[in-house]
Amino acid sequence: MPKPSKKTQKKGATSKKQRVKKEASLFKAKPLEDKGLEDDAKADSTDVKKLDKQEVSEDDKGIEKKVEEGSEIESEESEDPTWTVRRFGDESSHYDSDLNKKILTHLEGLGLLTADQNKQILDLNQKQGENIIDAIVHLDIMKFFEVGRVVADFFETSYVNLKNTRASSDITLLIPEEVSKNEGVLAYQEDENGIYLAMINPIDLHFLHLFEKKTGKKAIAMYSTPGEIREAQRIYRQDSLSGFQHLIERATVDIGKLDTLNNISTIFDTIVLMAYYRKASDIHIEPFEDEIRIRLRIDGVLGNVAKLPMNFLETMVNHVKVLSKLRTDEHSSSQDGRFKVTYDNSVINFRVSILPSYYGEKMVLRLLSSESQEMTLEELGYSAKDIEVIQKNIQKTQGMNLVTGPTGSGKTTTLYSLLTSLNKEHVNISTIEDPIEYGLFGLNQVQVNPKTNLNFADGLRSLLRQDPDIIMIGEIRDLDTAKISAHAALTGHLIFSTLHTSSAALAPLRLIQMGLDPYSIVSTLNLIVAQRLTRMICNACRVTYQLTEKELKEIESTFINTKEKLDIFRKRFFSEGGSTLRLFKGKGCKECGGSGYKGRTVVAEVMEINKALRDLIVAEASQEAIEKAAVANGMVTILEDGLNKVFEGKTTLNEFFRVINQ
């Protein structure tokens, strides 16, 4: 698990004495005197009540009263403290109204909010009960991690980005789900210093004291935003879904029992929830002679999760067709549709494909969670150096930026991340896609439609008459689309698109193969990003190991298919320590379903076009020559980036080489 630095540990692991002083200062009250604080058992049960004995201003008497009213907590002498904790102030926001104002004033003082935005956020909080941090993110004033860092500094603690941190279910379940949601807190990791708690209100002495009393462990309060904590709380659902197979078994004993299980839709809904909570990208529902096989694609790998009797197929297919507004009387041709559900404050869009197969209609449902479109380049896994190069080039007013890689390598997600960062009120962004993966507010998105002869080329021609500043083309598939894209990039438009090539150096050669003039390419091309998605080692079961000579030879013979790759790998391997190098892998646990992997990260190379590269492209030089010049220009190859992540313990050698050879 990623441990805080010494500075972070000192900052995050505040003592009771420091927390009492901090909470008192936030209410404009004098801090508690040192006397008696050494006796924690005595001090903790009376900390909040002592506040009303301090000298406070008239304005704070209301706050003082709320603290006193909300301080009903089990005393230190209680042998069985309860998890039921009453807190002061507005439970919907987890902050007292005065504390809300102090946080917003702090942000305004730093120049991060305007007075009008401050007022707008308070109105949302007071009239709709929305947490002020949620409001800041929803109004697109700051990204969640940006406001998280600033508010953590306000609380004088450390910020934990839960989207980049894997919570351990054994630790999380120390706090009941209902309490976790009511209190806005999540226990996520443990080390020799204690148990780390991500909290909306990290100076909540009541809860911190109660947690330590209940668990006998030291609580280390960290700050995280409400949205991150809500997302991480899905871990509670993993155990609740463990009875899924039992539900299936009960239903398969006798088809008549479906009446007591709210019909087949109950099972379908459970499959959908399982896919969502396990962060699957696809659900496969496949009929065979005697059974229906249910598979989920998790972190890019398909795996079986259940089997259903064939009796279920017709009803389940019709259920999906109704949801997707497809024809229920059509069984001999393919159909495509969509439907969406809202769960845990997230909108989940499903793209549905139904295809007649030998034993019946097969269904594949692609999950398109709204959370994916909000990911930054940093969260996707790009290095700081690559992010700097990308940001520099996407701020230009014209030119072409390409993302390359095989199907399923995350190209569209990266493009959406870039467009989201450029999505401003004064910018007109239009896209032509096949299909539209996510609906993004502020973007004019057009779906390719072969039935109306609306293809990429024709759609792009029409978009150019719509006064766009930025255009995203889902994929450059043919010469016509390539020519129009290059022309648009030359005439003052910023173009984003994708290509199917295995490396950045191959992209300009692919455009030349299509028939695009090399001079058009070098005149428009700004940047090429090549990427793959590799599974990350599960933090809950990650262990170190020493690579044996036999394993090394197996990896080299199985995965490394060129002398150049072999030379780079051996150079890096032996410079890192060779036979004494300790690498990382996952043992397999319930967190990762026994696979040893959980989540995925990008491995990439970012090629910025300079004069040397332009000369080579015009000369139609080889891939090797272009790549060599790009490396001389500062590019870190996808092989090097992947090896960096291997040696950092983010992925394994086997997994990386499996992906790199796609």
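The values are calculated or read from the model by the stated rules, or taken from the named source; none is laboratory data. What you see is a predicted model; the values in this text were computed from it and never measured. Note: ideal-geometry Cβ built from the backbone for every residue, glycine included; neighbour counts use all protein chains shown. For accessibility, only protein heavy atoms count, side chains too; no ligands or nucleic acids. Shrake-Rupley method; radii C 1.70, N 1.55, O 1.52, S 1.80 Å.
May I ask you to list the residues in the range 316-330 that are surrounded by fewer than 15 Cβ atoms within 10 Å (Cβ to Cβ) and in contact with a helix residue (DSSP H, G or I) (Cβ under 8 Å, 6 or more places away or on another chain)?
Arg327, Thr328
Count, please, the residues in the range 288-312 that happen to be over 18 Å from the mean Cα position of the chain (by Cα), closer than 19 Å to Arg351 by Cα and open to solvent by less than 30 Å² (accessible area, probe 1.4 Å).
Selection size over the range 288-312: 2.
Just checking, how many residues over the range 158-213 are hydroxyl-bearing (Ser, Thr, Tyr), open to solvent by less than 10 Å² (accessible area, probe 1.4 Å) and more than 18 Å from Thr225 (Cα to Cα)?
Total satisfying the criteria: 1.
In the set Pro309, Pro287, which member is farther than 30 Å from Ile537 by Cα and in contact (Cβ under 8 Å) with a residue 60 or more places away in the chain?
None of the others qualify; the one that does is Pro287.
Return yes or no: is Leu440 part of a loop (DSSP other than H, G, I, E, B), of a type in the set (A, V, I, L, M, F, W, C), farther than 17 Å from Leu516 by Cα and open to solvent by 10 Å² or more (accessible area, probe 1.4 Å)?
yes
Being of a type in the set (A, V, I, L, M, F, W, C) and within 20 Å of Val403 (Cα to Cα) is the filter; apply it to the range 626-644 and report the residue that is surrounded by the fewest Cβ atoms within 10 Å (Cβ to Cβ).
The qualifying residue surrounded by the fewest Cβ atoms within 10 Å (Cβ to Cβ) is Val631.
For the range 266-278, indicate whether the set of residues that are open to solvent by 60 Å² or more (accessible area, probe 1.4 Å) and modelled with pLDDT under 85 is non-empty.
yes
For the range 586-615, give me the residue count where each residue is surrounded by fewer than 21 Cβ atoms within 10 Å (Cβ to Cβ) and over 21 Å from Lys279 (Cα atoms).
Total satisfying the criteria: 6.
Looking at (1) assigned to a helix (DSSP H, G or I); (2) surrounded by fewer than 16 Cβ atoms within 10 Å (Cβ to Cβ), which is the one condition that is false for Thr414?
(2)
Of all residues in the range 616-625, which are open to solvent by 40 Å² or more (accessible area, probe 1.4 Å) and among the β-branched types (Val, Ile, Thr)?
If the condition is that a residue be open to solvent by 40 Å² or more (accessible area, probe 1.4 Å) and among the β-branched types (Val, Ile, Thr), then Val618 is the only one that fits.
Across the range 116-146, what is the number of residues that are assigned to a helix (DSSP H, G or I) and either within 21 Å of Ser421 (Cβ to Cβ) or open to solvent by less than 60 Å² (accessible area, probe 1.4 Å) (or both)?
Within the range 116-146, residues that are assigned to a helix (DSSP H, G or I) and either within 21 Å of Ser421 (Cβ to Cβ) or open to solvent by less than 60 Å² (accessible area, probe 1.4 Å) (or both) number 17.
Out of Asp469, Asp478, report the one residue that is more than 29 Å from Phe339 (Cα to Cα), modelled with pLDDT of 95 or more and surrounded by fewer than 19 Cβ atoms within 10 Å (Cβ to Cβ).
Asp469
Yes/no matrix, rows are residues, columns are (1) at pLDDT 85 or above; (2) touching a strand residue (DSSP E or B) at 6+ places or on another chain (Cβ under 6 Å); (3) not charged (D, E, K, R):
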position	(1), (2), (3)
Thr84	no, no, yes
Ala115	yes, no, yes
Lys127	no, no, no
Gly148	yes, yes, yes
Asp170	no, no, no
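Of the residues in the range 511-570, how many are closer than 30 Å to Asn633 by Cα and of a type in the set (D, E, K, R)?
9
Please note which strands (runs of 3 or more DSSP E) are completely contained in the range 296-409 and include at least 3 residues that are within 29 Å of Ile660 (Cα to Cα) and of a type outside the set (Ser, Thr, Tyr).
In the range 296-409, the matching strands (runs of 3 or more DSSP E) lie at 301-309, 360-369, 399-404.
Among the residues of the range 384-411 satisfying the criterion of being modelled with pLDDT under 95, within 20 Å of Thr601 (Cα to Cα) and hydroxyl-bearing (Ser, Thr, Tyr), which is least open to solvent (accessible area, probe 1.4 Å)?
Ser409
What are the residues in the range 459-487 that are among the small types (Gly, Ala, Ser) and under 21 Å from Val618 (Cβ atoms), if any?
Ala482, Ser485, Ala486
Among strands (runs of 3 or more DSSP E) lying entirely in the range 491-556, which contain 3 or more residues that are open to solvent by 10 Å² or more (accessible area, probe 1.4 Å) and touching a residue at least 12 places away in the same chain (Cβ under 8 Å)?
Because the criterion is at least 3 residues that are open to solvent by 10 Å² or more (accessible area, probe 1.4 Å) and touching a residue at least 12 places away in the same chain (Cβ under 8 Å), the strands (runs of 3 or more DSSP E) in the range 491-556 that meet it are 525-537, 542-546.
Going through the range 443-458 one residue at a time, which ones are within 21 Å of Leu368 (Cβ to Cβ) and outside any loop (DSSP other than H, G, I, E, B)?
Leu443, Asn444, Gln445, Val446, Gln447, Asn449, Phe456
Filter the range 154-176 for residues that are out of contact with any Ser or Thr (no Cβ under 9 Å at 6 or more places or on another chain), closer than 17 Å to Tyr277 by Cα and either assigned to a helix (DSSP H, G or I) or aromatic (Phe, Trp, Tyr) (or both) and give the result.
Lys163, Asn164, Ser169, Asp170
Tally the residues that are in a helix (DSSP H, G or I) and over 26 Å from Gly405 (Cα atoms), restricting the search to the range 464-490.
Final tally of qualifying residues: 3.
Scanning the range 342-362 for residues that are modelled with pLDDT under 90 and touching a Ser or Thr at 6+ places or on another chain (Cβ under 6 Å), which turns out most open to solvent (accessible area, probe 1.4 Å)?
Applying the filter and picking the extreme gives Val347.
Would it be correct to say that Gly194 is farther than 27 Å from Lys143 by Cα and at pLDDT 90 or above?
Answer is yes for this residue.
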